[in-house]
Amino acid sequence: MFSLASRRALVSGAGAPGGIGIAIAKTLKDLGAEVFITSTTDRIHERAKEIGVTGLVADLTIESDCEALIAKVGSIDILVNNAGMTSQNDPLGADEASDLTGVTLEAWQRGMKRNLDTAFNLTKCALPALRKSKSGRIIMVSSVTGGLMAMSHQPVYAAAKAAMLGLMRSLALDEAKYGITCNAILPGWIETDTQSAHEKLQGMKTPLARNGRPEEIAGLVGWLASESSGYMTGQTLIVDGGNSIQEERAQ
């Protein structure tokens with residue numbers, strides 16, 4: 001029930017070697033899928049070669065790039081929308097990491113493009129192929145930020161990640177007639193290559209007293225991509241070490 005043999009998967013946001021995207025790609029490959037990964041720079045080819053998958057370069061904020069990407073991939077059974085937060089081509093600016101009074105319209109639009117438009121564009125372009133699959137899977141990697149909680153000075157990121165959940169539920173309803181399921185994962189503090197010292201400290205304060213591992217997100221993606229998850233759609237799954245259920249925090 002967990003085999004992905006003969007299935008084809010596309011994973012976005014897989015540029016960082018120690019990130020969630022690469023962990024997801026490895027897991028799907030290990031389960032038998034033919035995997036394609038995409039990022040904004042040519043380094044994706046190195047990452048892809050290291051784990052034995054196919055790498056493709058695309059700017060997912062541009063619809064024509066997404067159309068060209070899907071044309072190269074061809075048939076698709078599994079789409080994982082993992083792109084977001086920051087990228088090498090589009091770093092987080094001070095006008096975005098601010099309370100709302102310091103957020104410029106340009107920063108708002110930039111953050112929405114990076115964290116929401118990427119999922120919109122790629123999913124829209126992939127849907128015709130996913131519908132042909134008859135048992136397609138769309139998996140959104142959102143965040144507890146926005147979808148469940150919020151952090152200081154992150155209104156753009158929180159709004160975009162929360163919007164991904166609305167998109168996910170809408171897709172779950174509209175695409176059910178094609179046998180497609182759509183669900184979202186909300187990671188908490190995950191120890192990736194780009195995690196800051198502050199973020200790592202926050203992870204140590206969760207009930208499980210540690211940060212999560214990218215593989216722990218990837219394992220859940222593997223299950224959602226498999227036949228065994230076929231009756232689950234429109235749902236959010238929280239992976240945060242129990243942080244969101246911790247009511248008493250004062251020491």
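The values are calculated or read from the model by the stated rules, or taken from the named source; none is laboratory data. Values in this document were obtained by computation on a predicted structure and should not be read as measured data. Cβ sites come from the backbone with ideal geometry, for glycine too, and all protein chains shown count toward neighbours.
Any residue in segment 23-48 that's on the phi > 0 side of the Ramachandran plot: show its pairings with residues that are surrounded by fewer than 18 Cβ atoms within 10 Å (Cβ to Cβ) and aliphatic (A, V, I, L, M) at Cβ separation under 9 Å, as long as the two are six or more apart or on different chains.
Close Cβ pairs satisfying both conditions: Gly32/Ala5.
Restricting to segment 3-14, name every residue that is closer than 19 Å to Ala83 by Cβ and surrounded by fewer than 22 Cβ atoms within 10 Å (Cβ to Cβ).
The answer is Arg8, and nothing else.
Quick check on segment 177-192: of everything there that is closer than 18 Å to Thr27 by Cα and in a loop (DSSP other than H, G, I, E, B), which residue is modelled with the lowest pLDDT?
Looking at the filtered set, the residue picked out is Thr192.
If you check every pair at least six apart or on different chains, which have Cβ atoms under 7 Å apart with a residue in segment 54-72 that is closer than 9 Å to Cys125 by Cβ first and a residue that is assigned to a helix (DSSP H, G or I) and of a type in the set (S, T, N, Q) second?
Correct list of pairs: Glu63/Asn121; Cys66/Asn121.
Among the residues of segment 153-166, are any hydroxyl-bearing (Ser, Thr, Tyr), crowded, with 19+ Cβ neighbours inside 10 Å, in a loop (DSSP other than H, G, I, E, B) and modelled with pLDDT of 95 or more?
Checked against the condition, which is being hydroxyl-bearing (Ser, Thr, Tyr), crowded, with 19+ Cβ neighbours inside 10 Å, in a loop (DSSP other than H, G, I, E, B) and modelled with pLDDT of 95 or more, segment 153-166 yields no hits at all.
Name every residue in segment 217-251 that is buried (at least 16 other Cβ atoms within 10 Å of the Cβ), of a type in the set (D, E, K, R) and not in a loop (DSSP other than H, G, I, E, B), in order of residue number.
Answer for segment 217-251, where residues must be buried (at least 16 other Cβ atoms within 10 Å of the Cβ), of a type in the set (D, E, K, R) and not in a loop (DSSP other than H, G, I, E, B): there is none.
Checking the conditions here, which among Gly136, Gly212, Gly203, Gly147 is modelled with pLDDT under 95, surrounded by 13 or more Cβ atoms within 10 Å (Cβ to Cβ) and small (Gly, Ala, Ser)?
Gly147
Which of the following residues is within 20 Å of Val239 (Cα to Cα) and within 16 Å of the chain's Cα centre (by Cα): Ala126, Ala159?
Ala159
Could you tell me how many of the residues in segment 213-236 are of a type outside the set (Asp, Glu), in contact with a helix residue (DSSP H, G or I) (Cβ under 7 Å, 6 or more places away or on another chain) and either free of Cβ contacts under 8 Å to residues at least 24 places away in the same chain or over 18 Å from Met1 (Cβ atoms) (or both)?
The number of residues fulfilling the criteria is 4.
Here are some residues: Glu175, Glu191. Which one is touching a residue at least 24 places away in the same chain (Cβ under 8 Å) and under 20 Å from the mean Cα position of the chain (by Cα)?
Sole residue among the options that is touching a residue at least 24 places away in the same chain (Cβ under 8 Å) and under 20 Å from the mean Cα position of the chain (by Cα): Glu175.
For segment 171-181, check the following and say yes or no: at least one residue is surrounded by fewer than 19 Cβ atoms within 10 Å (Cβ to Cβ), of a type in the set (Asp, Glu) and at negative phi.
Taking every residue of segment 171-181 in turn, at least one turns out to be surrounded by fewer than 19 Cβ atoms within 10 Å (Cβ to Cβ), of a type in the set (Asp, Glu) and at negative phi.
Which members of segment 194-222 meet the condition of being under 19 Å from Lys26 (Cβ atoms), of a type in the set (Gly, Ala, Ser) and more than 14 Å from the chain's Cα centre (by Cα)?
Within segment 194-222, Gly212 is the sole residue that qualifies.
Residue by residue through segment 18-46, note down the ones that are in contact with a helix residue (DSSP H, G or I) (Cβ under 6 Å, 6 or more places away or on another chain) and at pLDDT below 95.
none
Could you tell me which residue of segment 96-123 is surrounded by the fewest Cβ atoms within 10 Å (Cβ to Cβ), considering only residues that are aliphatic (A, V, I, L, M) and within 14 Å of the chain's Cα centre (by Cα)?
Ranking the qualifying residues of segment 96-123, first place goes to Leu116.
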